[in-house]
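Report on the structure given below.
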C-alpha cells in the first residue's frame, strides 16, 4: 500500500461520524429522538451532511484516484473544518472548508489543463459551487444576514454537478450526439445562471435552477449508461436501477423548486431539498458505494438482493415525507423522516458484513 493511503481511514472515519451527526441532528430537529441533540448539532445538520460527509467523501475519492499525498489535504481540511465548527470555532472551521473547496476547484482546474474534457469542467463548476457555499457560510457565521437555508441551493449544485459530470464521463461510451450534449450544457447553464440571479436578489432565479435540475434528470434518465446496465444481472444491474431511481427524485426536487420558488425554511423547503439531498444524492451513494469502496480501500461489496432494501426504503419513506410536507400532515412527515434515517442503517446492515478484500 502506498504511504499516502494511510490518510484514507481517518478521513473516511471523520466523514462517517459527520454523517451520523447530521442524521442525529436532523432527527432532533423533527423531534424524533428521545434525547435531543445539542442545539449546535441540529443547527449544523446541513453543513455536516454537505461539507463533513459529501464534500469530504467526494474530495477523498479524487485524492485516492490521483494518489498524491498533498491532495489529501483537501478532504482533510473539509473534515477537520466541519468538526472544528461544531466544537466551538465556527469561523476557523468554515474558513477551513473554504480552503478545502478552493483546493478542489484548483484540482479540477489542473485536471482540465492536463486533459481538456467537458466532464472535468462540469465537476470543476460543481467544486466552485461548493466554494461559494463555503464563503456564504463564513458570512453566515459572521452574522451578515445570510441564512443557512440560503446555502442549500449552492450545496445542491455542488453535488448535482459533480455527479452529473461523473456520469457524463461514463456516457462517452454511448457517443452522445451534439444535440444531446447541447441539452446537457444548457441544463448546467440554467442551474448556474439561476443561482447567480437568486444570489443577486432575483427570487425567480431559483426556479430557473429548478428547470436546470429537471433538465439534468431527464438527460441522465435518457442518455446515461445506467439505462444499459439496468438491464443486466447482479451488481451492474443493481447500480443501474438504483441510479435511475435517483434521477426521478432529482426531477421531483427540480419541479418543486419551479412550482414553489425560493423558501428559507418550513415544510416546502424540507420537501424541495430532501428530494434532492436524500432522494437523489443519498441514492447515488447507495449505488456508487461498491465502486467507491473498491477505489478507497481495495475492498468489494459482492452483489446480494438485499442491497435493494435501502434504496427501496428511501423511495417509499421519502414519498411519505414529501406527502406529509406538502399536505401539512405531521404523522406522514415524521414517519418518512424516520424511515429516511433507517434506510442508512439498512444499507450498512446489508452491505458492510459482506465486504471482502479484493
Binned Cα-Cα distance frequencies in segment 186-229 - 5 Å width, integer % = 6, 28, 22, 16, 12, 8, 5, 3, 1
query = What's the Kirkwood radius of segment 1-146 in Å, using all Cα pairs?
reply = 15.6
ask   = How compact and how long is segment 101-163, expressed as Rg and Dmax of its alpha-carbon atoms in Å?
value = 12.9, 41
task = List the equivalent ellipsoid semi-axes of segment 187-358 in whole Å, largest first, each obtained as the square root of 5λ for an eigenvalue λ of the Cα gyration tensor.
result = 30, 20, 13
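Can you give the direction-averaged projected area of the convex hull of the alpha-carbon atoms in segment 147-209, in nm²?
About 4.5 nm², averaged over all directions.
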inquiry  = Considering the Cα positions of segment 218-262, please state its Rg to one decimal place and its Dmax as a whole number of Å.
reply    = 12.8, 42
note = Taking Rh as the Kirkwood radius computed over alpha-carbon pairs of segment 52-117 and applying Stokes-Einstein at 4 °C with viscosity 1.567 mPa s, one gets a diffusion coefficient in µm² s⁻¹ of 108
Kirkwood hydrodynamic radius (C-alpha pairs) into Stokes-Einstein, the chain, 20 °C and 1.002 mPa s, D in µm²/s = 105
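What order, most packed first, do the peptides 15-23, 228-236 have when packing is the mean number of other Cβ atoms within 10 Å of each residue?
Packing order, densest peptide first, comes out as 15-23, 228-236.
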request  = May I have the extent of the alpha carbons of segment 276-334 along their three principal axes, as whole Å values ordered from largest to smallest?
outcome  = 46, 21, 13
query = Which order, highest average first, do 343-351, 75-83 follow once you tally other Cβ atoms within 10 Å for each residue and take the mean per peptide?
reply = 75-83, 343-351
key: Cα centroid separation, segment 213-230 to segment 124-196 (Å)   = 17
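Can you put 58, 146 in order of Cβ neighbours within 10 angstrom, beginning with the fewest?
Ascending Cβ contact count within 10 Å gives the list 146, 58.
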message = Ratio of alpha-carbon Rg to the 2.2 N^0.38 Å globular estimate for segment 200-284, to two decimals, please.
response = 1.21
query = Can you give the helix-only mean residue ellipticity at 222 nm for the chain, where every DSSP H stretch with n ≥ 4 adds -39500 (n - 2.57) and the sum goes over all residues, rounded to the nearest 500 deg cm²/dmol?
reply = -24000 deg cm²/dmol
request  = Could you work out the mean projected area of the convex hull around the alpha carbons of segment 99-207, in square nanometres to one decimal?
outcome  = 7.4
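None of the figures in this text is laboratory data; all of them are computed from the coordinates on show. The shown structure was predicted, so the numbers you read here are calculated from the model rather than taken from an experiment. Virtual Cβ from ideal backbone geometry, glycine too; neighbours counted across all protein chains shown.
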